[in-house]
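Here's the structure, in C-alpha cells; my notes come after.
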Amino acid sequence: ICCDAYSLKEHLSEQFDIVFTSYGTIGWLPDLDKWADIIQHFLKPDGTFIMVDFHPVVWMFDDHFKEVAYSYFNTETIVEQVQGSYADREAAIAYETVSWNHPTSETLQSLLDAGLRLTNYHEWDYSPYTCFQELQEDAPGVYRIKHLGNKIPMVYGIVCRK
C-alpha cells in the first residue's frame, strides 16, 4: 500500500497481531498523536506494537557530532539542505529535508494516550548501522561516535500492548 501514513485508514481495513515501526520513521511525521492512533486502530485486541528507532539525542547534533544544532524537544520544524544520501554520501544529488525531533516522552505519551500499555522500554549506547558520520566499530555490529563513545543513547526500543 502506497499512501500517506495518516491516511492509512482510508486504504486498509484489516487488523494485525503486530505493528512494527523501524529506524528513521517518526522523524518524518509532525504529529505523533495521529501516528499512535493509526497504530492502535490497526492492532487487534491484545496485539503488540514494536518500535526501534534512533534516539532523539542523536538528532540534536550536527552531521559531525561536534555541536548541538537542534533542540531535543519538538519545538521546531527542522529543514536541512542535504548532499548525497545515507546509502551513498558521495551521490551527486542535493535536496531539502523536513523533519521533527520527537523526545522519547512525546513518543511514549502519544502511545499511552492512544490506549496502549507500555511493556518494555530500552535504550542502547550504539547504532547497529553505519549510517552516521564519525562512527567507529567497537565490536561487530556496534557503531559509536568516535569522540563520544558510549556517553549518549543512540537507539531506543518500545514494546506496547493494546
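Below are the figures for this structure:
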{"quantity": "Normalised contact order of the chain, rounded percent, pairs of Cα under 8 Å and 6 or more residues apart", "calculated": "26 percent"}
{"quantity": "Kirkwood estimate for the range 99-162, i.e. one over the average of 1/r between Cα atoms, Å", "calculated": "13.4 Å"}
{"quantity": "Nearest-ten-degree value, helix 32-42 long axis tilted from longest Cα axis of the chain", "calculated": "50 degrees"}
{"quantity": "Proximal charge balance of Met154 [Cβ under 14 Å; K/R count +1, D/E count -1]", "calculated": "-3"}
{"quantity": "Built amide H within the under 5 Å cut-off of Gly47, gap 5+", "calculated": "Lys162"}
{"quantity": "Pairwise Cα inverse-distance average, inverted: Kirkwood Rh of the chain (Å)", "calculated": "17.1 Å"}
{"quantity": "12 Å beta-carbon shell around Glu106, net charge (K/R +1, D/E -1)", "calculated": "-3"}
{"quantity": "Exposed GluC sites (Glu not before Pro) absent: longest stretch of the chain, with sites in DSSP loops and at most 10 other Cβ within 10 Å deemed exposed", "calculated": "91-162"}
{"quantity": "Length gained when the stretch Ala92-Asp46 is fully extended (0.36 nm per residue, less Cα-Cα span)", "calculated": "11.8 nm"}
{"quantity": "Most to least packed among 15-22, 107-114 [average Cβ atoms within 10 Å]", "calculated": "107-114, 15-22"}
{"quantity": "Under 16 Å from Lys66, Cα to Cα: lysines that are on another chain or at least 8 residues apart", "calculated": "Lys146, Lys151"}
{"quantity": "Distance-filtered residues of the range 26-59 - backbone nitrogen under 19 Å, label point 7 angstrom along Val159 Cα→Cβ", "calculated": "40, 43-54"}
{"quantity": "Acute angle (nearest 10 degrees) that the helix 104-113 long axis makes with the longest principal axis of the chain, alpha-carbon atoms", "calculated": "10 degrees"}
{"quantity": "Stokes-Einstein diffusion coefficient of the range 44-133, Kirkwood radius over Cα pairs, 25 °C, 0.890 mPa s, in µm²/s", "calculated": "158 µm²/s"}
{"quantity": "Where only C-alpha atoms are counted, convex hull volume of the range 1-80 per residue in Å³", "calculated": "115 Å³"}
{"quantity": "Net charge over other residues, Cβ less than 13 angstrom from the Cβ of Lys66 (K, R count +1; D, E count -1)", "calculated": "-3"}
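Bear in mind these aren't lab numbers, they're just calculated from the coordinates by the rules spelled out. Keep in mind the model is a prediction, meaning the values are calculated, not measured. Note: ideal-geometry Cβ built from the backbone for every residue, glycine included; neighbour counts use all protein chains shown.
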